[in-house]
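Undergrad: Shown below is the structure under consideration.
The values are calculated or read from the model by the stated rules, or taken from the named source; none is laboratory data. Predicted model only: the values in this text are computed from it and were never measured. Cβ coordinates were reconstructed from backbone atoms using ideal geometry, including for glycine residues, and neighbour counts include every protein chain displayed. The accessibility values were calculated without ligands, DNA or RNA, using every heavy atom of the protein model including side chains. Shrake-Rupley method; radii C 1.70, N 1.55, O 1.52, S 1.80 Å.
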Amino acid sequence: MKKLLLISALLFSVNSYSQSIINAFAAQIGYWNANTDKYNWEVTVRTNVTFTIQNGYIFTTDKNNSVYEVVSLQSSNGREGVWSATDEVGDPCSIILKYNEDGSNIIAIVYDAFCVRYYFE
């Protein structure tokens, strides 16, 4: 919970020079299935993607070097936060940061038709 609160503060701190880093070790892509109202998830793959959260932006080391600008907090319950954001080309998305009690923490980038979720410790 403390990590989520810290990251929330970092996302909205305009004058802060501090940053938070998340190192993902695995990733999984899911495509939205309108017939079932669920994602069809692909096989989880090992990855080495870093998310750097700083001054309302999330910088990644994925294959596109994606950058997300956080627009606003949509919801938060202590262990999970959801933010609306835009990516580096201006497409809207949501970012979900979830800390699970079993340590299977997730940062997910959600678009209309697909979602990529990254696993970190």
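Undergrad: Residues to consider are Ser66, Ser72, Ser16, Ser20; find the one that is at pLDDT below 95 and within 22 Å of Glu121 (Cα to Cα).
TA: Residue meeting the stated conditions: Ser20.
Undergrad: Then there's this: Quick test of your reading of the structure: Gly90 fulfils all but one of (1) over 14 Å from the mean Cα position of the chain (by Cα); (2) at pLDDT 95 or above; (3) open to solvent by 60 Å² or more (accessible area, probe 1.4 Å). Name the failing condition by number.
TA: Result: Gly90 passes all but (3).
Undergrad: Look at Val82 and say whether it is in contact with a Leu (Cβ under 8 Å, 6 or more places away or on another chain) and at pLDDT 95 or above. Give the derivation first.
TA: Details: in contact with a Leu (Cβ under 8 Å, 6 or more places away or on another chain): yes; at pLDDT 95 or above: yes.
Considered against the rule, which asks whether it is in contact with a Leu (Cβ under 8 Å, 6 or more places away or on another chain) and at pLDDT 95 or above, Val82 comes out as yes.
Undergrad: In segment 71-87, what residues are of a type in the set (A, V, I, L, M), surrounded by 15 or more Cβ atoms within 10 Å (Cβ to Cβ) and more than 11 Å from the chain's Cα centre (by Cα)?
TA: Val71
Undergrad: While we're looking at this one, here's another question. Hey, which of the strands (runs of 3 or more DSSP E) in segment 19-78, taking only ones fully inside, have at least 3 residues that are under 14 Å from Tyr111 (Cα atoms) and touching a residue at least 24 places away in the same chain (Cβ under 8 Å)?
TA: Passing ranges, in order: 20-33.
Undergrad: May I pose another question? Identify the single condition in (1) open to solvent by less than 50 Å² (accessible area, probe 1.4 Å); (2) without any contact (Cβ under 8 Å) to a residue 24 or more places away in the chain; (3) over 19 Å from Asn23 (Cα atoms) that Ser104 does not satisfy, given that it satisfies every other one.
TA: (3)
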